[in-house]
Amino acid sequence: MKAKNIVLAILMVLSFAACTSEMEGIDNNGNSAGIETATSIVVNFLTEETATKSSDNSISQYVIAVFEAKTGDRVGYASGTSKGGNPVSIENIDSKEGQVKVYVVVNAPVDKFSTIYTLNDFENATVENLDDLVMVGKNEIELKKESNHLDVALYHLSAQVKVKVNIQGDGNPTFQANAYEANIATSSKIVNPTAALAESVSYDLTDVSAFTYRTYTVKDPVLKLSGAISVDGKQKDVSIDISFKENGKTLDALLNGKSYELIIDLKVSVKFEVSVSYSIHEIREISNDVSFS
């Protein structure tokens with residue numbers, strides 16, 4: 001009887017040990033360190049202002065992933081959503097001491113990242129929906145036993161193109177754009193996105209002289225604008241092919257985290273002849289304006 005009890009006790013111990021090991025591998029962020037190396041971190045969000053309105057920098061959900069620099073193992077993780085307010089700090093993110101790399105991804109689907117446990121897999125993750133207005137940031141820090149604070153600058157994963165058309169000439173000419181065609185990248189890696197070729201996509205407009213569109217990092221950008229010029233009751237349909245040139249040099253790519261303003265100047269003669277000139281420049285300002293919505 002005693003022998004039987006001893007065997008049962010041994011089996012119970014082995015069963016408990018196996019269960020604990022499985023939990024550490026699945027739900028402990030890859031952190032097998034003891035309690036004595038545990039710590040926490042406060043992450044502050046900063047943004048780059050490349051938006052036309054403050055809502056472009058709003059944050060509806062976020063992921064914070066902490067990776068051990070040496071091994072690439074995930075040693076800390078936090079995610080959340082917000083329906084209002086203006087917080088810029090996320091507190092009490094459990095991690096372990098030592099040199100770490102901290103990534104923040106906002107406005108992307110949270111469940112895409114919850115089961116990524118290595119730095120390599122995280123850096124190769126991709127997002128698709130341009131309307132999500134995904135922002136990403138990274139920083140490194142040596143976490144110590146006491147409280148840790150880290151600023152992470154967020155940048156938009158997409159590029160923004162603001163297009164405005166001006167028109168001059170006799171007879172008070174006007175121009176209304178009704179469609180445009182651009183090569184728009186619809187997916188991107190969240191880290192170190194590369195400029196790749198993308199197919200052209202057509203979009204209808206409702207008779208406007210200014211509009212904005214977004215693309216993930218894209219190689220050899222092109223834009224074709226269609227619309228109508230009206231002069232003294234007469235109307236002429238026009239199609240304008242735009243090259244992206246800055247200071248006389250053609251841009252090789254539209255880069256993530258940047259906003260480009262494209263000004264198109266049309267001149268109309270009495271004979272309804274149209275001449276076109278255009279300029280583009282990059283807009284980039286740093287802002288701390290972060291809002292949750």
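The values are calculated or read from the model by the stated rules, or taken from the named source; none is laboratory data. The shown structure was predicted, so the numbers you read here are calculated from the model rather than taken from an experiment. Here Cβ is always computed from backbone atoms with ideal geometry, including for glycine, and neighbour counts include all displayed protein chains.
The set of residues in the range 208-241 being part of a strand (DSSP E or B) and under 12 Å from Asn183 (Cβ atoms) consists of Tyr213, Thr215, Tyr216, Val218, Lys219, Val222, Leu223, Lys224. Just one of the listed residues (Asn178, Asn120, Asn139) is in the same structural domain as Gly98 (by TED's automatic domain parsing), modelled with pLDDT of 90 or more and in a strand (DSSP E or B), and it is Asn139.
Just one of the numbered conditions (1) modelled with pLDDT under 90; (2) in contact with a strand residue (DSSP E or B) (Cβ under 6 Å, 6 or more places away or on another chain); (3) charged (D, E, K, R); (4) exposed (fewer than 14 other Cβ atoms within 10 Å of the Cβ) is not true of Asp265: (4). Of all residues being within 14 Å of Lys258 (Cα to Cα) and among the polar types (S, T, N, Q) in the range 130-167, which is surrounded by the fewest Cβ atoms within 10 Å (Cβ to Cβ)? Just the residue, please. Among those residues, the one meeting the criterion is Gln160. Pick from the range 222-252 the residues that are free of Cβ contacts under 8 Å to residues at least 40 places away in the same chain and within 26 Å of Val127 (Cβ to Cβ): which of them is surrounded by the most Cβ atoms within 10 Å (Cβ to Cβ)? The residue in question is Phe244. The single residue among Val106, Val136, Val102 that is hydrophobic (A, V, I, L, M, F, W, C) and without any contact (Cβ under 8 Å) to a residue 60 or more places away in the chain turns out to be Val136.
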